[in-house]
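Working notes, beginning with the structure itself.
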Amino acid sequence: MRVGICGLGDRMGYLAKVFSDTIPNFDIACYADPNPTGFRRMDDQHVRRLRRFKDLNTMLDEEKLDLVMIGSPNVFHYEQLQQVLHAKIKIFCEKPVVVSEEETLKLVRTLRKVGEDQIMIGLVLRYAPLYQDLLRMYEEGALGDIISIEASEHIPPVHGAFFFRDWRRKTATSGGFLLEKCCHDLDLYAGLVKSRPRRVISFGGNSVFNTHHKHRDKDTIYRRWPALWDSTESSFSGDADIIDHQVAMVEYDNDSRLCFHTNTHTPDAFRRFCVIGTDGMAEGDFVRGYLKVHRAVPKECIFDSNYKHDDISMHYGAEERMAQDIAKHLHSGTPLPVSVLDALEAGLTAIKIDESRRGGNVMDLTTTWTRFDEAISN
C-alpha cells in the first residue's frame with residue numbers, strides 16, 4: 001500500500017510510525033507540507049527517502065497512491081478532503097473532520113455520491129480498551145437504560161498553554177477548543193447512548209490564558225511544548241479567541257442527559273466519567289486508567305479493571321488498536337467502530353454547543369439534524 005501524507009505535523013508523524021509498524025506493507029512514500037514538523041516521530045531512515053511536494057494537488061498528480069493521510073490544521077481539511085475524494089483515493093483524516101456547519105453539510109452531500117467508506121477518521125478513543133469494555137458492559141445490560149452522564153476532560157497547564165500559543169488558539173483555524181479537543185468525548189457518549197443531541201446549552205470563557213496573567217510567562221512550563229506553525233510567543237498574548245474552560249449540557253433524543261466540563265489549567269489532569277443507568281452505574285477515568293461497574297439493586301461491584309498505559313500510545317492504548325482495526329478494514333472491509341458520519345455528528349454537536357455558549361441560549365437541534373439527514377438522502 002503506497003501512502004502519502006498531507007500535513008506532516010507532530011501527530012501525523014507519530015501515527016505514520018504506528019501505522020507503519022502495525023499494518024503490513026504500509027509504505028509511506030511522500031508528503032505535502034510547506035513546513036513539516038513531524039519528522040522527530042519517525043524513523044530517520046524512512047524520513048530520508050520520503051519525496052516532498054509543495055502542495056497536495058502536485059502530490060496527487062505525480063504519485064500513484066492507495067491512501068492519503070490528512071493531518072493539516074483543521075481549517076484546510078474540507079478542501080483537501082474534496083481533492084482526494086475527487087481523485088478516488090482512500091483517506092485517513094485526523095479529527096475534527098471540518099470546522100463549520102456549512103462545511104459539514106457540503107461534505108455530507110459529497111459523501112452521498114462517493115460513499116462514506118472512502119474516509120476513515122482518527123477518533124481514536126473509540127478504540128481505547130477502557131471504552132470498549134464500557135460499551136460491552138452496557139450492551140450486556142449491566143447499566144440498563146442510560147439516564148444521565150457526568151463527564152469531563154481536564155488538561156494540565158503545559159498542555160493548555162500549548163493551545164494558546166499554537167494555531168489552535170484561533171477559532172478560524174481550529175474551529176474552537178471544544179471541537180478540536182473534546183469532539184472525542186462528545187463522540188464517545190453519543191456512541192454510548194446511541195442517540196443524537198436534541199437540545200444543548202453551554203457557558204465558558206477564558207480566565208487564565210489572557211494578558212491579565214502575563215506575569216506567568218516567567219514559568220518555563222508555559223513554553224515547554226513547542227508550537228510551530230502560525231504560533232505566538234506567549235500563551236498570554238491576548239490574541240487567542242478560544243476558551244480555557246467550558247461547561248455544556250446535552251439532552252439526547254432518547255431522554256438521556258450529559259453534563260460535560262473541560263478546563264485547560266488543571267494541576268491533576270483527568271478524563272473521567274460517571275454513567276448512570278436504570279440498573280447500574282459505570283465510573284472510570286482514561287488518564288488514571290480504571291473502570292468500575294456497580295449494579296444498583298442489590299448494590300454490588302460486577303466489574304473492576306485497571307488499564308496500564310505504555311510508552312507507545314498517546315491515548316490510553318488506543319493507537320495500536322486503531323491501526324490493527326484499520327489494517328483489517330483495508331484488507332477485508334471489516335467495519336470500523338466509528339464512521340465519518342459519526343465524526344461529523346460529533347463535530348456538529350461541538351459547533352452547536354459553541355454557538356449556544358456565544359449566544360447564551362438553549363439550542364434546539366431539530367432543524368440541524370433535519371438538514372443533516374436531507375444532505376445524506378437528497
Open item on the list: Let me make sure I get this right: for region 216-258, a, b and c are the square roots of the gyration tensor eigenvalues over alpha carbons, sorted descending. Under 1.5 in a/c it's rounded, otherwise prolate if a/b > b/c, else oblate. Which is it?
Closed with: prolate
Open item on the list: Could you derive backbone 3J(HN,Hα) for region 231-241 from the dihedral phi with the Karplus parameters 6.51, -1.76 and 1.60 (θ = phi - 60°), listing whole Hz in sequence and x where the residue is Gly or Pro?
Closed with: 8, 10, 6, 10, 6, 10, 6, x, 9, 7, 10
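Report for the chain the percent antiparallel among DSSP-assigned beta bridges with both residues inside it, nearest 5.
Working: 40 of 66 bridges.
That works out to approximately 60 percent antiparallel.
Please report, as a whole percent, how much of the solvent-accessible surface of region 287-378 comes from carbon and sulfur atoms (probe radius 1.4 Å). Write out the running numbers ahead of the final one.
On the way: 2370 of 4930 Å².
Of the solvent-accessible surface of region 287-378, carbon and sulfur hold 48 percent.
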TODO: Give the shape of region 46-168 as rounded, prolate or oblate, defined through the alpha-carbon gyration tensor: a ≥ b ≥ c are the square roots of its eigenvalues, a/c under 1.5 means rounded, and otherwise the shape is prolate if a/b is larger than b/c and oblate if not.
DONE: prolate
Task: Stokes-Einstein D in µm²/s, Kirkwood radius over Cα pairs - region 245-372 at 10 °C with 1.306 mPa s viscosity - done: 88 µm²/s
- [ ] Please turn the phi angles of region 68-73 into ³J(HN,Hα) values with the Karplus equation 6.51 cos²θ - 1.76 cosθ + 1.60 (θ = phi - 60°), one per residue in order, whole Hz, x for glycine and proline.
- [x] 10, 9, 9, x, 6, x
TODO: Determine ³J(HN,Hα), in whole Hz, for all residues of region 54-67 in sequence, where each value follows from phi through the Karplus function 6.51 cos²θ - 1.76 cosθ + 1.60 and θ = phi - 60°; x replaces Gly and Pro.
DONE: 6, 7, 5, 4, 5, 4, 5, 6, 9, 10, 9, 10, 9, 8
- [ ] Run the 1.4 Å probe and let me know the accessible area of Met1, rounded to the nearest 10 Å².
- [x] 70 Å²
Open item on the list: Using 30 Å as the Cα-Cα cut-off, could you pick out the over-long pairs in Lys54/Lys308; Lys194/Lys292; Lys106/Lys214; Lys308/Lys328; Lys95/Lys194?
Closed with: Lys54/Lys308; Lys106/Lys214
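With every protein chain kept in place and ligands, DNA and RNA left out, what is the accessible area per residue of the chain? Probe 1.4 Å, answer in Å². Present the calculation step by step, with values, prior to reporting the outcome.
Values: 16630 Å² over 378 residues.
That works out to 44 Å² for each residue.
From the protein chains alone at 1.4 Å, what is the descending order of accessible area for Ile5, Ile276, largest first? It would help to have the intermediate numbers written out before the result.
Details: Ile5 0, Ile276 65 Å².
So the residues, ranked largest to smallest area, are Ile276, Ile5.
Given axes a ≥ b ≥ c from the Cα gyration tensor, I'd like to know whether the chain is rounded (a/c under 1.5), prolate (a/b larger than b/c) or oblate. Kindly include the intermediate steps, with their values, before the conclusion.
Working: a/c = 1.39, a/b = 1.21, b/c = 1.15.
Here the chain falls in the rounded category.
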TODO: Hey, can you grab everything whose amide H is under 5 Å from the amide H of Asp279? Only 5+ residues off in sequence or another chain; H modelled, so Pro and N-termini drop out.
DONE: Gly144, Asp145
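The values are calculated or read from the model by the stated rules, or taken from the named source; none is laboratory data. All values reported here derive from a predicted model rather than from experimental measurement. Quick note on the areas: whole protein, heavy atoms, side chains included, nothing else; ligands and nucleic acids left out. Shrake-Rupley method; radii C 1.70, N 1.55, O 1.52, S 1.80 Å.
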